[in-house]
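Laboratory data are not the source of any read-out in this text; all were calculated from the coordinates shown. Quick caveat, the model's predicted, so the values are computed rather than measured. Quick reminder, even Gly has a Cβ in these numbers, built from the backbone with ideal geometry, and neighbours come from all protein chains shown.
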Amino acid sequence: MDRNGQPTPTCKVDLLISEPEKTQSRQPSLATTALLIPALNEAANMPVLLPQLVELGVGAILLCDNGSTDDTARLASTHGATMVVHQPTRGYGAACFAGMEALMHLPNSNRFEVVAFMDADLADDVSLLPELVKPILADNADMVIGVRSRKDRETGSMSLPQVFGNWLATLLIRVGWGHRYRDLGPFRAIRRECLHRMQMQDRAFGWTVEMQIKAVEQNLRIDEIDVPYFKRRGKSKISGTVRGVFLAGYWILSTCARLWWTKRKRSQSNRATAL
């Protein structure tokens, strides 16, 4: 615990802007939004992505550097990140979780009501971030997923294994939990208190599917909006290699299996208690 009684983060943090209020928000809906961007060797994209987010007026931009060996962290610090979070333990979920921990240490951290997630590969339309956040701030939703529908995807932006894995994961959620999702899109926003209540466990590629399953289990109000999806800039760490595709598929399926087994045991326990 630090001197303010807050948990000490398990990752190294570079606080670059001491007062988030210094950012002049051009989108008032984003003033209370903290955006977490997991990144691994995305240096070339930092000078393009971050200035767009600063211009948009995002309340806090946390670049979650997942052990990059290039200049990702340095360029993030010079192109508008509010905080650079260093998480050397590889894994998409590990980077996101480190960002969640670090968020608590931002000045006036309590002002951030919404946590949004976006990849650093320039595949998402930055300008649509307010559309993800607005339903939450209007109290019409607790979580909003950006859906990469076929009609809005740039040709070649998703590989066949990605498309199949996405279809299979959403099918498993529909069969196991009764909710019909259209995507596991990483471009998303969620009410901060709901995210903390989920107590996220996955530290690899099962992060997105875990969040969506727990949202159903906790009866959150879930919304989905169609968003365009472009070819990523730079080589994908997942779809760019056979190993990456295999690992991503393994973690998504194993996360579904783990959460289904937990749900089953909880249901059995509830029935036994009722008797």
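The table for this structure:
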quantity: Two-site label geometry, Ser149 and Glu113: point separation in nm, points 7 Å out along Cα→Cβ; calculated: 2.8
quantity: Contour minus Cα-Cα distance for Val175 and Trp261 (0.36 nm per residue); calculated: 29.6 nm
quantity: Karplus 3J(HN,Hα) series, Hz, for the stretch 112-126 with 6.51 cos²θ - 1.76 cosθ + 1.60 (x for Gly, Pro); calculated: 8, 8, 10, 10, 10, 10, 8, 6, 9, 9, 6, 7, 9, 8, 4
quantity: Computed Kirkwood radius, in angstrom, where 1/r is averaged over Cα pairs of the stretch 47-169; calculated: 16.2
quantity: Residue (of Leu129, Leu75, Ser157) at the positive-pole extreme of the chain, dipole from beta-carbon charges; calculated: Ser157
quantity: Distance-filtered residues of the stretch 54-70 - backbone nitrogen under 18 Å, label point 7 angstrom along Thr89 Cα→Cβ; calculated: 64-68
quantity: Sequence-distant aspartates and glutamates (8 or more away, or on other chains) whose Cα lies within less than 14 Å of Lys235; calculated: Glu42, Asp70, Asp119, Asp121
quantity: Beta bridge orientation in the chain: antiparallel %, DSSP, nearest 5; calculated: 40
quantity: Residues Lys231 and Glu193, FRET efficiency given R0 of 45 Å [Cβ-Cβ distance, rounded to 0.05]; calculated: 0.80
quantity: Peptide ranges 131-142, 100-111 listed from the most packed, as the mean C-beta count within 10 angstrom indicates; calculated: 131-142, 100-111
quantity: Computed lengthening from Glu131 to Asp70, 0.36 nm per intervening residue step minus Cα-Cα distance; calculated: 18.7 nm
quantity: Relative pair counts by distance (%), Cα atoms of the stretch 116-275, 10 Å bins; calculated: 10, 38, 36, 12, 3, 0
quantity: Entries in Lys12/Lys231; Lys151/Lys263; Lys134/Lys231 that, when Cα-Cα distance is taken, lie over 29 Å; calculated: Lys12/Lys231; Lys151/Lys263
quantity: Taking the convex hull of Cα positions in the chain, its mean projected area over all directions (nm²); calculated: 14.9
quantity: Mean ellipticity per residue at 222 nm, deg cm²/dmol - from DSSP H runs of n ≥ 4 across the chain, formula -39500 (n - 2.57); calculated: -12500 deg cm²/dmol
quantity: Two-site label geometry, Val48 and Met104: point separation in nm, points 7 Å out along Cα→Cβ; calculated: 3.6
